[in-house]
Amino acid sequence: MSARQVKIYCPKCTWMPVQSSRWQCSCGGSWNTFDTGGVCPRCSRVWEDTQCLACHAWSPHSRWYHEFIGGFEKVEVERSEPAPARSVRPGRED
Ligand SMILES: [Zn+2]
Ligand SMILES: [Zn+2]
């Protein structure tokens, strides 16, 4: 049983690209960027960010992939600053 599911949609407006969606590269190539994982098949340029064809917002390509496990989205843990190790101890004097 596989409860794992990956959905591709815009992280900003949840628009879902379809097979006929096309992105245009600066080289003039036009292709479905989700077929190649953001790589232009013509000039091999890697597009780290992908523009939404619906809301025109740019988002990192990986952000478009939403992984669901058992119906719940697995939220990627944003790498943030590690919490400072606070050693708060009750004031006690020796
Ligand atoms: Zn290209
Ligand atoms: Zn969008």
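Bear in mind that the values in this text are calculations on the coordinates, not laboratory data. Keep in mind that this is a model prediction, so the values were computed, not measured. Cβ sites come from the backbone with ideal geometry, for glycine too, and all protein chains shown count toward neighbours.
Some values worked out for this structure:
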{"read-out": "Along principal axes, Cα extents of the stretch 4-73, largest first, whole Å", "value": "40, 22, 21"}
{"read-out": "For D35, net neighbour charge (Lys/Arg +1, Asp/Glu -1) across residues whose Cβ lies under 14 Å away", "value": "+2"}
{"read-out": "Sorted by Cβ neighbour density within 10 Å, fewest at the top, the residues V39, V75", "value": "V75, V39"}
{"read-out": "Taking S62, S20 and counting other C-beta atoms within 10 Å, the order from fewest to most", "value": "S20, S62"}
{"read-out": "Positive-end extreme of charge dipole, the stretch 4-73 - chosen from W58, Q24, W47 (charges on Cβ)", "value": "Q24"}
{"read-out": "Integer Hz, Karplus 6.51/-1.76/1.60 couplings in order for the stretch 35-45, x for Gly and Pro", "value": "6, 10, x, x, 10, 5, x, 8, 10, 6, 5"}
{"read-out": "Calculated from backbone phi, Karplus (6.51, -1.76, 1.60) coupling profile of the stretch 26-34 in Hz, x at Gly/Pro", "value": "5, 8, x, x, 9, 7, 8, 5, 7"}
{"read-out": "Point-to-point label distance, D35-W15, nm (Cα→Cβ direction, 7 Å offset)", "value": "2.0 nm"}
{"read-out": "Rounded FRET efficiency, nearest 0.05, which uses the C-beta distance separating V6 from L53 and R0 of 22 Å", "value": "0.65"}
